[in-house]
Structure formats: C-alpha cells, structure tokens
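Notes to accompany the following structure.
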C-alpha cells in the first residue's frame, strides 16, 4: 500500500487522507470477490485472494506499528503534535481495515464451506489453505466440523480425518475464543483418540484458570477447567488407544493435574497466541467519547489494566488483571482469561527490562482490594505524590492511565520510558463543556494511548481486530458527541430523576450518612465528589443509552429485514412480540425490505444503508438532547 508511511517523517495530512481513500478501495474490491456458477475449484482460490489481501493489510499495520517509537526523535512543537495525531489516524484506519477484512473473510469462508460440502477434495483444499496460512477466522467458521450433523438431517457425519483437520486448524491458529467449542467437543466426542487430541488442543490454546475464591457471582464461569479435563482423560479406555497415545495420555493427564492442584506454574501464561508475564500492560480499544478529549487523538485505547501473579487463599497461582474501574470502591482483580472476554481488541505492552516488569507486577499485586476513588479531575500530581510510598492498603485516587503511571513509578525506570509525551485538553469548547459535567483535565495529563510511543515498551501481543457493524453505529455516535464537545456548547438537560439525584448528591456534602448511602447505591467511593459524579452520570448515562439503543436497533432491523417471508409456518417460531417488532422494522425500512425481498440489494449494501440510518438518527438525537442553541430548548 503506497499510502502507508515508511518513516515517521512520511506521516502527514495528505498521507492520512490518501490512506483513507485506499482503504475504501480495498473494501470495495474485497466485497466484489466471489466465484461464478458452481466452479468448485474457483472457491478455494477466491478465499486465497482474500487471505492474501488481508495479509497485505496486516503487514502494513505491523510496519506502521514499528514506527511508533520514532516520533520522540522529531523536534518538539506543533508540527510534531500534528504528526502524532496523523499517525494515530493512520494506525486506527489500518486496525479498522484489518478488522473489516477479517469480517469479510468470515462471510466468504462460511459460504465456501456451504458450497463445497458436496465436494470433499475442494473442501480439503480449503482446510489445507486455512491451516497453511493460519487463518484464525477460518478456524472459527470451520469449527462446526467437530460435531456431527443432527441424525434426522440426512447429512453424512464428518470423518475422523475431517475432525482431526478442524482440530489442527484450531491448534495452528490458537484462537482462545474457540475454547468453549473445544470444551463441548471433548465432552461429546465418542472417539477416544480425538478426545485426547482435543484436550491437547486446549492445552496449546490455553487452559482456563480456576475462578478466584470469593469471585463476584456475575463473573462468567470458565468454559472448562483442568479438573474437568482430568476427569475426561481418566474416563478414556486405554484399550481403545494406540500405544503412543496411551503414553501421551499419561503425560497430558499429569500436566492437567499439576494445573488443577497448583495453578499456573512458571513466569508466563499462554493464552491463545499470547505469552503473558507479570507487569505487562493491557491497553483496550473500545467505543468511547473519551479518546478525543486531548490533543493526542484519536486515542487508540480507552481502558487499561496491569498483569499480576496472585497466590490465592486456596493455594492456586493465577495470572490476574488489576485495574481501576470508574465505578467501584475497591481495586479489583480478575482472572486474565476471563478479563479478555470483555473487549474486541487490545494490545499488551511489555517493558524490555525484566526487573522493571517484576516491580510493576508487584505494584499491581499490592493494590488488589485497596480502597479506590476514580479521579474526576484527572490530576496526575496525585500519582506523583505517591512515588516510592508503599501501595499496599493505600487509597488509590487516580484515573485510568494514572493507574499505569502509579505502577511505573514504583520501578527504577524513568517516567519518560513509559510516557514520552504529556497531553493537553483538546482545543475549542472541550474544557468548558467538561466543566459543566464536573470534570476537568489537569496539567501533565497522560492517556492510555501515550504509552504506545514508548521506545522501551514492546508490543507483547495483540488481539486480531474484528469489524462489527453494530459497534460501528455505537462508535460513530460517541465520536459525534466528542466532536460536538469540542465545537459546540453543551446544554445539560437532566430528566426529572437525574435532576433529583443531583440535588441529593449536593445535600450529601454536609450529610455523611447520606453520602455513604448514595455511594453504595451507585457503587462509587464515598470520598468522591458525588455532586460532580451525578452531573457526569446524567450526561454519560444518556449518551450510553442513545449509542447502545441504536446499536440494538440496527441489529434488530437487519434481522427483521433478512428473516424471510412471515408465513403461517414461520410465525410459529416467533412470539407475538417478536413478530410485531419484525413488522415494525419492515414498515420503517419499507424500501430496503422490498429491495431485499426482490434480491435487488446485497448483504453489504443493506448493512451500509442501515448503519448510515442509525448513525444519523443517533447523532440527531444527541444534538436535540445536548447541543441545541438555548433559544431552541
């Protein structure tokens, strides 16, 4: 891709604009790749073309990420700041393009598997291609081959060789998101050799950790545990295994027993393609308005955590993520594998000095369970005041990236090794509008994105991005809110419930018992400025409702339009409420529905039209609620 920068000096407004145009051309070309007629030989070749194209995009992203440490060499000033922002736009564009290509590949591979079902040679060729190129989304799609079709379907069961190849594909790609599938497979498969291979695949991909003692009931249970795997392997009849598999079963069983009794042994945890260590920084990329409120935008990351190794009260050794949530009065720890199910895309950053990593892991460990207060002033000086002080049992009063700095300054490394650039509020109306919410951005601010530019932090691993059109709707609405906060004047318009909550919060300043009750009810620290928190929540909660409401509406509208004719037989599969919603969406999108029913609209065209509709409707709702001139209120 000619528009991908080769050096830090290549990053510019023109280059960024050219990349956006190139990305659109890539998407259009990829969407047109299909096979004609019933040519079974052409199907694997179509998949290969798309795999090659995605590899090209991923290489461009990797090359761009390698430039991230070179910007500190540029002369300070406005030009460097503009270059940093263009670099973030370039990186964000490539991440999104890679995610879209993966989304497109999924659709094509799903169709390919359907068309090739009666063509075993070409289906085998497709599997070989996916294994050779380690196509992770291919493993997700083809995992259906692990399970026999329903007995009444008339379809032939998959052979042991076909199931073995599906397991090989999962093992090669090491997709941790397929652990629930592997767990189901080893529970249900009747062939003991395949059960053994499936258990081995789970060990390679990553064995879920046992839940922490006293874990929140809302934390999802692991898809399978080492204890259950031990029982499954113990239940295998050795008489049905070859000699070499009998020996392998014993070795595998011994490994699972050690994991069940001791937890994770060693200095790293394997999870998917990751090998994670204590002190690693987890940077998460989720839809949010906050990634555009500083002069280093668009921010790539919105939330953070730090990896620590914890010896539980049950004697089990676990890798956990320690973080500072916006809600909650204490610092939580969550099993790392469980935590990673919460975000679609993330990076792990690792300091190149193992001593520094160990010190940060210990700092995070010391803070587990501490009283926490999220800092609505985003004041870095509070963190700096805690340098070299014991963290165990201390009040942790900071903000998201401040938690990273708090761990970093407990080490022998300099702050610039982690955050080479400080940040300022975005220009325009940003500070004034944040002030209306009770928020501020203090001097010497840092964000999760700032760590990307550190020359001492390596990218220890990242999750392959995946496009989600519903989240595109959500993110576009958040981005619109952020732009309006910069360019327009926020008009706070709390509803009756929100206004009452703000009044109660104001009264609580002089009433300790009321402050405690209000803090408990809203799951925040009673030390927090509860009035400012209530003012912020009145806007942010409404913003979330608008963004998530239109995300849900997009999903339901697309499902309604593509559900097929609602004849008497079809209606038996839906509740009356579901039928009413389907008919309502079809009426709202009458033209799109008619075009879809007449096969005049592709799935991509339908998706694009619906995304546009719900983005624009959500943005209008935001404008009407928060950014109308006062005379129009």
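Looking for whichever is in contact (Cβ under 8 Å) with a residue 12 or more places away in the chain and either farther than 30 Å from residue 457 by Cα or surrounded by fewer than 17 Cβ atoms within 10 Å (Cβ to Cβ) (or both) here; the options are 61, 67, 53, 21. Which one fits? Just one listed residue meets the conditions, 21. Of the strands (runs of 3 or more DSSP E) lying entirely inside region 273-331, those carrying at least 2 residues that are modelled with pLDDT of 90 or more and over 21 Å from the mean Cα position of the chain (by Cα) are 303-311, 317-322.
Restricting attention to region 523-542, which residues are in a helix (DSSP H, G or I) and buried (at least 16 other Cβ atoms within 10 Å of the Cβ)? Those that are in a helix (DSSP H, G or I) and buried (at least 16 other Cβ atoms within 10 Å of the Cβ): 530, 531, 532, 533, 534, 535, 536, 537, 538, 539, 540, 542. Residue 433 meets the conditions (1) touching a residue at least 60 places away in the same chain (Cβ under 8 Å); (2) buried (at least 21 other Cβ atoms within 10 Å of the Cβ) in every case but one. The failed one is (1).
Residues in region 387-399 that are part of a loop (DSSP other than H, G, I, E, B), within 21 Å of residue 454 (Cβ to Cβ) and touching a residue at least 60 places away in the same chain (Cβ under 8 Å): 399 only. Would you say residue 423 is in contact with a strand residue (DSSP E or B) (Cβ under 9 Å, 6 or more places away or on another chain), more than 30 Å from residue 173 (Cβ to Cβ), crowded, with 21+ Cβ neighbours inside 10 Å and touching a residue at least 60 places away in the same chain (Cβ under 8 Å)? Answer is yes for this residue. For region 139-159, taking the residues that are assigned to a helix (DSSP H, G or I) and out of contact with any helix residue (DSSP H, G or I) (no Cβ under 6 Å at 6 or more places or on another chain), the one that is surrounded by the most Cβ atoms within 10 Å (Cβ to Cβ) is identified as 140. The condition (being within 18 Å of residue 473 (Cα to Cα) and exposed (fewer than 15 other Cβ atoms within 10 Å of the Cβ)) is satisfied by just one residue among 569, 545: 545. Regarding region 249-268, can at least one residue be identified that is assigned to a loop (DSSP other than H, G, I, E, B) and under 22 Å from residue 178 (Cβ atoms)? Yes: region 249-268 contains one or more residues that are assigned to a loop (DSSP other than H, G, I, E, B) and under 22 Å from residue 178 (Cβ atoms). Picking from residues in region 1-34 that are modelled with pLDDT of 90 or more and not in a helix (DSSP H, G or I), the one that is nearest to residue 60 (Cα to Cα) is 4. Considering (1) out of contact with any helix residue (DSSP H, G or I) (no Cβ under 7 Å at 6 or more places or on another chain); (2) assigned to a helix (DSSP H, G or I), the lone condition that residue 458 does not fulfil carries the number (2). Within the span defined as region 33-52, every residue fails to be under 23 Å from the mean Cα position of the chain (by Cα) and closer than 30 Å to residue 424 by Cβ.
The rows are residues; the columns are (1) surrounded by 22 or more Cβ atoms within 10 Å (Cβ to Cβ); (2) over 27 Å from the mean Cα position of the chain (by Cα); (3) within 26 Å of residue 537 (Cα to Cα).
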site	(1), (2), (3)
360	yes, no, no
377	no, no, yes
382	no, yes, yes
385	no, yes, no
389	no, yes, no
394	no, yes, no
398	yes, no, yes
408	yes, no, no
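So that you can scan it fast, the table gives a plain yes or no per residue for (1) outside any helix (DSSP H, G or I); (2) out of contact with any strand residue (DSSP E or B) (no Cβ under 8 Å at 6 or more places or on another chain); (3) assigned by TED's automatic domain parsing to the domain that holds residue 92; (4) at pLDDT below 95:
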residue: 347; (1), (2), (3), (4): yes, no, no, no
residue: 359; (1), (2), (3), (4): no, yes, no, no
residue: 377; (1), (2), (3), (4): yes, yes, no, yes
residue: 401; (1), (2), (3), (4): no, no, no, yes
residue: 412; (1), (2), (3), (4): yes, yes, no, yes
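Does region 251-263 contain any residue that is touching a strand residue (DSSP E or B) at 6+ places or on another chain (Cβ under 8 Å) and not assigned by TED's automatic domain parsing to the domain that holds residue 405? Yes. Residues being in contact (Cβ under 8 Å) with a residue 40 or more places away in the chain and more than 13 Å from residue 202 (Cα to Cα): count how many of those fall in region 219-241. Count: 6.
The values are calculated or read from the model by the stated rules, or taken from the named source; none is laboratory data. Keep in mind that what you see is a predicted model, and the values were worked out from it rather than measured. All Cβ positions, even for glycine, are placed from backbone atoms using ideal geometry, and neighbour counts span all protein chains on display.
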